[in-house]
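Please treat every number below as a calculation from the coordinates, not as lab data. Note that the structure is predicted; figures quoted are calculated from it, not measured. Here the Cβ positions follow ideal geometry from the backbone for every residue, glycine too, while neighbour counts run over all protein chains shown.
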Amino acid sequence: MDDFVKETAAASHTSARVANLIKLLRYKQWADRLSFDSLAEVPEEEAWKQRRTVFGNMVHTLNHIVVIDDIFRHHMNGTAHPYTKRNTDDTPPIAKVRQASEEMDQWLLDEVQNWSDDDLDTVIKFKYVGGGEGAMTREEIIIHLVNHTTYHRGIFSDMLLQVPYKMASNDLTVYLRDHA
């Protein structure tokens, strides 16, 4: 167990499992911020330029991340979400997507910091947007959200390279080296 996990667990009386999820969510928050900072450095038309990718452009790709995070927030809260697809039809302005991302990342951190191991093991049942039943523990949901965001951030980074623009490395190893 690394020092961050030991210190976080000891200082806040949280388990090592919760401390690890907090570390992953802080990484997600940091890497998301890097993505939006990079987006701000490219010409706006490049951010909206249609590309051969699943969500069409950089902004819509980042918006998809927020939508999926929000869907799972609703699942964890036991409330219905408004989505019928894995993204919105219309993409909000960049500033609104960034704000929603920052608010979601903070909500996830605040939520997980209050969890016990029993909370992590709670199974959340839900319906997938595309149909079918799902069930995941809270811990599995958080791991999925971090992994899902990393996957789409990779696609986003590839689109930046097409500008061409190379964003700062947003790997977990870099985060751990510089922040943990």
Can you pull the semi-axes for segment 116-172, root of five times each eigenvalue of the Cα gyration tensor, sorted largest first, whole Å? 32, 16, 4
About the Cα centre, charge dipole magnitude for segment 3-179 (Lys/Arg +1, Asp/Glu -1 at Cβ), debye: 420
Find which of V129, V146, W107 sits farthest along the positive direction of the dipole of segment 3-179, computed with +1 on the beta-carbon of Lys and Arg, -1 on that of Asp and Glu, about the Cα centre. V129
For I124, distant residues with modelled amide H under 5 Å away: M136, T137, R138
Value at 222 nm in deg cm²/dmol, rounded to 500, when DSSP H runs of n ≥ 4 in the chain each add -39,500 (n - 2.57): -21500 deg cm²/dmol
Projecting the Cα atoms of A95, F36, N57 onto the charge dipole of segment 3-179, where Lys and Arg contribute +1 and Asp and Glu -1 at Cβ, the residue farthest towards the positive end is N57
Per principal axis, descending, Cα span of segment 25-127 in whole Å: 47, 29, 20
In degrees, nearest 10, range 0 to 90: what is the angle between the Cα axis of helix 16-41 and the longest Cα principal axis of the chain? 20
Rg to Rh for the chain: what is it, with Cα atoms only and Rh by Kirkwood? 0.98
Which lysines, if any, have their Cα less than 19 Å from the Cα of K49, not counting same-chain residues under 8 positions apart? K96, K166
Under Karplus coefficients 6.51, -1.76 and 1.60, residue-wise ³J(HN,Hα) of segment 95-102 in Hz, glycine/proline x: 4, 6, 5, 4, 4, 5, 5, 4
Pairs of Cα atoms under 8 Å, at least six residues apart: use those to get the relative contact order of the chain, whole percent. 30
Calculate one ³J(HN,Hα) per residue across segment 109-125 by plugging θ = phi - 60° into the Karplus curve 6.51 cos²θ - 1.76 cosθ + 1.60, and present them in order as whole Hz with x for glycine and proline. 4, 4, 5, 5, 4, 9, 8, 9, 4, 4, 4, 4, 7, 5, 8, 9, 9
